[in-house]
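Scroll down for the structure; my scribbles are underneath it.
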Amino acid sequence: MSIKNLVCVGGLALLLCVGVGARAQVTFAFDSDPQAGTPGSTVTFNGTITNNTASTVFLNGDSFNLTGAGLTLDDTKFNTEAPLFLSAGASTGLIGIFDVAIDPTTAIGFYPGSFTIQGGADPTITDALVTTNFTVDVTAPQPAQTPEPGALTLLLGLGLPATVFARRRPRKA
């Protein structure tokens, strides 16, 4: 075997090893990101967690980071909806992960954050399994819709005479 062939085979082996090592043990994806809400509202992030390993992985906790004054992340949904563990190759399906309450005084804008699922090979390990970024989009409230004056006039103009006509009709004995 020539040196050139040996280098090619060695490089290919290295690439294969890197490719196998780069595969995430646990993946986590939101169903919709960013989530938009107005000041004073709450947005919910849902997602799917998948165990890509050949063994059971315990989901023992979480941590998060969220920038922006007036935003409060509540991870109760993760703590109640995520299973205690995922068997080899298993997935949670779509579950609630967390809520973000948007204070009425929060400025309009995009606010980034990250959510980390912690766990490992047994119920006591709290290693970071996967971290996923998310964004809260605080939007301006939509103005209340009021009927156009023409539509209101039409309703009153036709509705009132129809009611009077229905009451004045003679009754059959």
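Structural remarks
- Residue within the range 18-25 that is more than 25 Å from the chain's Cα centre (by Cα) and at pLDDT 95 or above present: no
- Pairs with Cβ under 7 Å, 6+ apart, first in the range 84-113 and under 25 Å from T72 (Cα atoms), second acidic (D, E): L94/D31; I95/E81; G96/E81; F98/D74; F98/D75; D99/D74; A101/D74; F110/D137
- Remark: I95 matches the filter, which requires a residue to be touching a helix residue (DSSP H, G or I) at 6+ places or on another chain (Cβ under 7 Å) and at pLDDT 80 or above.
- Of the strands (runs of 3 or more DSSP E) that lie entirely inside the range 39-126, those containing 1 or more residues that are farther than 19 Å from V138 by Cα span 42-51, 57-66, 95-102, 109-120.
- Within the range 26-44, the set of residues being within 8 Å of the chain's Cα centre (by Cα), polar (S, T, N, Q) and modelled with pLDDT of 95 or more comprises Q35, T44.
- Taking the range 104-125 as the range and being among the β-branched types (V, I, T) and surrounded by 14 or more Cβ atoms within 10 Å (Cβ to Cβ) as the test, the residues that pass are T106, T116, I117, I125.
- A101 meets the conditions (1) over 26 Å from S55 (Cα atoms); (2) at pLDDT 95 or above; (3) surrounded by fewer than 14 Cβ atoms within 10 Å (Cβ to Cβ) in every case but one. The failed one is (3).
The values are calculated or read from the model by the stated rules, or taken from the named source; none is laboratory data. Keep in mind that this is a model prediction, so the values were computed, not measured. Using ideal geometry, Cβ is built from the backbone for each residue, glycine included, and neighbour counts are taken over all protein chains shown.
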